[in-house]
Structures are given as C-alpha cells and as structure tokens.
1. Out of everything in segment 34-74 that is surrounded by 12 or more Cβ atoms within 10 Å (Cβ to Cβ) and among the hydroxyl-bearing types (S, T, Y), what residue ends up being farthest from Q152 (Cα to Cα)?
2. Among the numbered criteria (1) at pLDDT below 85; (2) of a type outside the set (G, A, S); (3) touching a Leu at 6+ places or on another chain (Cβ under 6 Å), which one does N56 miss?
Amino acid sequence: LNNLLSDIKGKAISLKGKYSEDMLHDAVSFEQVLIVLETDVNGLTELGSLENYEENYLKIVELQERLNDATAKASLKRDPTDYDALGSINRAFEPFSNLWSTTKQFQDFYTESMFGLFSDIDSENIESLVDGFFGTICKSIKIFEKQGKGVQAALSQELKQKISNFRAIVPLIV
C-alpha cells in the first residue's frame, strides 16, 4: 500500500510539473499571438482605398475571427493582463472594423437599391439602415481624427459623403 501511495505521489508530481510546463508554453505562445494581433491591427493603416473595400473587408473579417479566438483562449486562462491587452487591441481594431464593414454594407446596399429590382427595396427599413451607416462612419471619423490617422479619417469622410448623397435620394426611393 505504501509503494502504491508512493507511486501515485510520484505520478502526481510528474503531472504537476508537466502541467506547469504546458501552462508556461501556452502563456509564451499566447503572448506571441497578442504581439502578432497588435502588429496586424497596426498594419490596417495600410488599407487605403475605398475601391478595394471588398478585399479590405475580408482582411477585417479574418482579423476579427483571430481576435475572437484569442478572446476565447484568454477566457480559459483567466489572466487579467490577457484581457487588458486584448481590450486594447480590440479598441484599436474597432474603428477600422467599422470603416470597412460599413463600406462593404453600404456599397452592397447601394448597388442593390440603385440597380436591383424596385420591388426588392425594403422601404420601411431603408432610412434606419442609412442612418446607421451614417452614425457609424461619423464615429469612425472622430476616432481616426483623435488618433491622428489622417488617411483613415479621409477615407471615412469620403464614405460619409457617399452616404450623405444617397441619404438625399432616400425620400424618392421610399
């Protein structure tokens, strides 16, 4: 019985050591993931043309998925510093996400409204959709200007103008 107990204690100590090693490896690996995510979010400043909105939108979607995965992993670790770092990365990501998601949604909506079947237009929701696009892009403009990101602020202003022009004809559509 003493030998069995001694064997179990030895295995427990061995497992505890392996668990500690795994946790350390996971922590280092997760920190690397955070560094890559932060670098990729900072790299979003290179997305520079509304004409490439679909390509830029796909980059945003892919990065959002990676941020969601990191958030899920951080919730398993329960390390508050992981949440702080992810929160900071997500706050930096949000205006870019808003810019390119709104651009994609508006362009798709505009094309459908202007070139699709008139009977397919949802006249009850068109004003609220356009107002939503406008509000989101105005928020992005403020954030980009506050952060000194002139290119993104200018892109947001360009989209705001397109939305404003469309807003002017909404009463004719409805």
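The values are calculated or read from the model by the stated rules, or taken from the named source; none is laboratory data. These numbers were taken from a predicted model, which means no experiment stands behind them. Backbone-built Cβ (ideal geometry, glycine too); neighbour counts: all protein chains shown.
1. Among those that are surrounded by 12 or more Cβ atoms within 10 Å (Cβ to Cβ) and among the hydroxyl-bearing types (S, T, Y), it is T71.
2. (1)
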